[in-house]
Every structure is written in structure tokens, then in C-alpha cells.
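Visitor: Before anything else, here's the structure in question.
Nothing in this text is a laboratory measurement; each read-out follows from the coordinates by a stated rule. Everything numeric in this text was worked out from a predicted model, so none of it was measured. Glycine also receives a Cβ, built like all others from the backbone with ideal geometry; neighbour counts cover every protein chain displayed.
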Amino acid sequence: MTLDRAYYLLAAFYSLMVIMGVIAILAGGGTLLAPVHLLLGALAVVGLWGYILKRRFMNPRMWRPLACVLAVGIVVQLFIMLTTPLSSVLLTWMLTSSIFSVMLVIMLYRYGDRDQPLWASDEERTAARQLDVLLSDNSPITAIKRDGSRENSVKVFKSNEGYKASVTRRSKEGQERFEERFQYPETLVFFLEKFTSVTINDFRPASTVENNSAL
């Protein structure tokens with residue numbers, strides 16, 4: 001069995017668990033917490049399919065918080081099971097949800113990592129390919145974006161570890177510098193456009209910018 005097939009079977013199994021939970025509730029089974037478990041489980045299954053299929057579902061910012069909620073839920077349920085006498089039905093629901101949530105926590109946390117090509121738009125993928133070509137020919141490359149009294153200067157490097165953006169922001173209030181590292185150029189493009197307003201068309205080889213500044 002290949003790893004991909006194992007992932008598909010795992011996602012199908014979790015999907016079946018959610019369906020069985022819905023049927024159990026409609027049949028009058030479960031507890032007061034069962035709908036909450038099913039809602040979180042259904043969201044987690046959507047994220048699991050997204051992780052396996054490498055597709056975008058919803059917003060990347062929601063998956064890591066959901067993974068944290070599931071992790072906290074596991075700890076709370078284990079504490080309750082160890083310290084409180086429970087009915088067999090409630091104990092079964094809590095034990096089952098805790099066991100099957102562990103794998104979901106790991107995968108959803110990975111799925112929520114913004115530094116992945118799957119979260120990029122078509123425009124960002126196109127710009128990332130162009131940026132990669134520029135960095136292959138000249139590294140580092142530099143861009144300067146001015147907006148009134150504000151100026152953003154960006155220097156981008158490519159190495160075996162990935163991509164690094166060194167940003168300098170200048171305004172009347174002062175100056176700040178910071179660096180960010182990325183594994184994929186798509187995430188780098190997203191970061192630059194969102195936080196510095198720099199696009200692929202603004203870049204030039206660093207030596208060219210330095211010569212122009214000297215003049």
C-alpha cells in the first residue's frame with residue numbers, strides 16, 4: 001500500500017466516523033456534547049482532505065487554531081475521564097474522540113502552515129516563477145517602493161535553505177528593519193505584496209540599485 005492510498009483511506013475513515021456520529025444523534029444516541037464533537041470533527045475532516053489533496057479549503061489562519069482547540073479538548077477529556085465517574089456512553093464518546101483527534105491535530109497543524117504553495121493564488125504562482133528566475137540569474141535582488149513620505153526597501157536572497165527577505169521601512173516616524181525566511185517563493189510573493197506593497201516588477205539586481213544610488 002502506498003502512502004497516498006493510506007492517507008485516502010484514513011480520510012475516508014474519519015469521514016465515515018462523522019457520518020456514523022450524525023446517524024447516532026439522529027437515532028437518539030450520544031450526549032449533550034456530541035453535536036460539538038461532530039461539528040469540530042466535520043471541520044477537521046475538511047482540513048484533513050485539504051491536507052491530503054493539497055487543496056485550499058477555507059482560510060489557512062483557521063486550521064492551526066482548530067488544531068490547538070482539538071489538542072486542548074483531548075487534554076480536558078482525558079482529565080475528566082481520569083478524575084470523574086462517567087456513564088459508559090459518555091466514556092465511549094470521550095475516549096473515541098480523544099484517540100481519533102490526535103492524528104487530526106498533527107495534520108491540521110501542518111495544513112495550517114501558510115508557507116506552502118497550495119495556499120497561493122494563480123497570480124502568486126506566476127509571480128513566484130518569475131521571481132525564481134530572477135534569483136537564479138541574480139541573487140540578491142532589490143526593490144524600493146515609495147508612497148509619499150514612506151519608503152519600503154526589500155532585498156531578497158535565495159539559498160539552499162530557501163528564501164530570505166530583508167526589509168527596511170522608512171517614514172517620518174523613523175526606521176525599522178526585519179527579516180523573514182520562507183521555504184517557497186509563492187509565500188515570499190504573498191508576504192512582499194501584503195506587507196511591503198512590492199511586486200515582481202519592482203525588482204532589479206542589487207548591484208544595479210547600488211550603482212544608481214551612488215550616482
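Visitor: Counting pairs on different chains as well as pairs 8 or more places apart, how many Lys pairs in the chain have Cα atoms under 29 Å apart?
Guide: Step by step, the pairs that qualify in the chain add up to 15.
Visitor: Then there is this: At 0.36 nm per residue, and after removing the present C-alpha to C-alpha distance, how many nm does the segment from Ser136 to Lys172 gain when stretched out fully?
Guide: Numbers: separation 36, 0.36 × 36 = 12.96 nm, distance 3.57 nm.
Extending this stretch completely gives an extra 9.4 nm.
Visitor: Roughly what % of Cα-Cα distances in segment 119-214 sit above 16 Å, to the whole percent? Present the calculation step by step, with values, prior to reporting the outcome.
Guide: Numbers: 2416 of 4560 pairs.
More than 16 Å apart: 53 percent of the Cα pairs in segment 119-214.
Visitor: Need one number: nm distance between label points at Glu193 and Leu26, each 7 Å from Cα along Cα→Cβ, rounded to one decimal.
Guide: 4.3
Visitor: Would you mind getting me the FRET efficiency between Glu123 and Phe79? Use the beta-carbon distance for r and R0 = 41 Å, nearest 0.05.
Guide: Details: r = 47 Å, r/R0 = 1.15.
After rounding to 0.05, the efficiency reads 0.30.
Visitor: Oh, and also: Going by how many other beta carbons lie within 10 Å of each one, how would you line up Tyr109, Tyr163, fewest first? Can you show the working numbers first?
Guide: Details: Tyr109 19, Tyr163 24.
Lowest count first: Tyr109, Tyr163.
Visitor: Roughly how many whole Å is it from the C-alpha centroid of segment 54-81 to that of segment 135-174?
Guide: Using only Cα atoms, the two centres lie 35 Å from each other.
Visitor: Next up: Mean residue ellipticity at 222 nm from the helices of the chain, using -39,500 (n - 2.57) per DSSP H segment of n ≥ 4 over the full residue count, to the nearest 500 deg cm²/dmol? Can you show the working numbers first?
Guide: On the way: 7 runs with 128 residues, N = 215.
When only DSSP H runs of four or more count, the value is -20000 deg cm²/dmol.
Visitor: Looking only at Pro85, Pro60, Pro185, which one moves most when the chain is put into a Gaussian network model with springs between Cα atoms under 10 Å?
Guide: It is Pro85.
Visitor: Top mean-square fluctuation among Thr126, Thr199, Thr84, Gaussian network model of the chain, C-alpha springs under 10 Å?
Guide: Its mean-square fluctuation being the largest, the pick is Thr84.
Visitor: Here's another thing I want to ask about it. Report the Stokes-Einstein translational diffusion coefficient (µm² s⁻¹, integer) for the chain, Rh taken as the Kirkwood radius over Cα pairs, at 10 °C with viscosity 1.306 mPa s. Please report the intermediate quantities before stating the final value.
Guide: Values: Rh = 20.6 Å.
D, rounded to a whole number, is 77 µm²/s.
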